[in-house]
Amino acid sequence: MISDKLQFRVRYGETDQMGYVYHGNYAAYFEMGRTEWLRKLDVSYKKMEEEGIMLPVINLNINYLKPAKYDDILTLKTTLSKKPTAKIEFDFEIFNEKNELLTTASATLVFVNMKTNRPTRIPTYLLKKIDFRE
């Protein structure tokens, strides 16, 4: 399936008193990964919302293997785990500069029509871009 990698540095405000990344910040990291994953397909989440489609997270599972620390440069790998329908599923891996696997996660999001607030199928233009890349 389609993957993308993103590098970023851990900021001081993302850490707890021990200097480790606070566990709640990982959800924001995964959102960065999903947004960039879409952007690499030339799809804008903002444009999707303007067209009346939103993507709420309905499930997020995180496995913390080793801590990420203040000022670490992390690599986040975001991978589409299977072909989307009304749902889209991603797997995530976070590595440090030594290429040690720190965190794994999976997330499920659902395409929702903002007018009806009901699930809907993946937009055709996004499905075509995914089919083209596979």
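The values are calculated or read from the model by the stated rules, or taken from the named source; none is laboratory data. Just so we're clear, the structure is a prediction, and the values are computed from it rather than from any experiment. With ideal geometry, Cβ positions are generated from the backbone for all residues, glycine too; neighbour counts draw on all protein chains shown.
Miscellaneous remarks
- Candidate set: segment 46-95, residues that are assigned to a helix (DSSP H, G or I), surrounded by fewer than 17 Cβ atoms within 10 Å (Cβ to Cβ) and not basic (K, R); chosen: the one nearest to the chain's Cα centre (by Cα): E49
- Tally, over segment 101-122, of residues that are surrounded by 17 or more Cβ atoms within 10 Å (Cβ to Cβ) and not in a strand (DSSP E or B): 2
- Subset tally (residues that are under 18 Å from D91 (Cα atoms), loosely packed, with under 15 Cβ neighbours inside 10 Å and small (G, A, S)) for segment 23-45: 3
- For segment 56-78, taking the residues that are touching a helix residue (DSSP H, G or I) at 6+ places or on another chain (Cβ under 7 Å) and among the hydrophobic types (A, V, I, L, M, F, W, C), the one that is farthest from E100 (Cα to Cα) is identified as L60.
- Within segment 82-128, being modelled with pLDDT of 95 or more and of a type in the set (S, T, Y) holds for T103, T104, S106, T108, T116, T120.
- Residues of segment 1-22 satisfying the condition of being of a type outside the set (A, V, I, L, M, F, W, C), under 17 Å from D72 (Cβ atoms) and buried (at least 17 other Cβ atoms within 10 Å of the Cβ): E14, T15, Y20
- The residues of segment 86-134 that are among the aromatic types (F, W, Y) and more than 24 Å from D42 (Cβ to Cβ) amount to a single one, F95.
- Among the residues examined, M1 does not qualify as under 27 Å from K128 (Cβ atoms), of a type in the set (A, V, I, L, M) and in a helix (DSSP H, G or I).
- K98 assigned to a helix (DSSP H, G or I), surrounded by fewer than 16 Cβ atoms within 10 Å (Cβ to Cβ) and without any contact (Cβ under 8 Å) to a residue 40 or more places away in the chain: no
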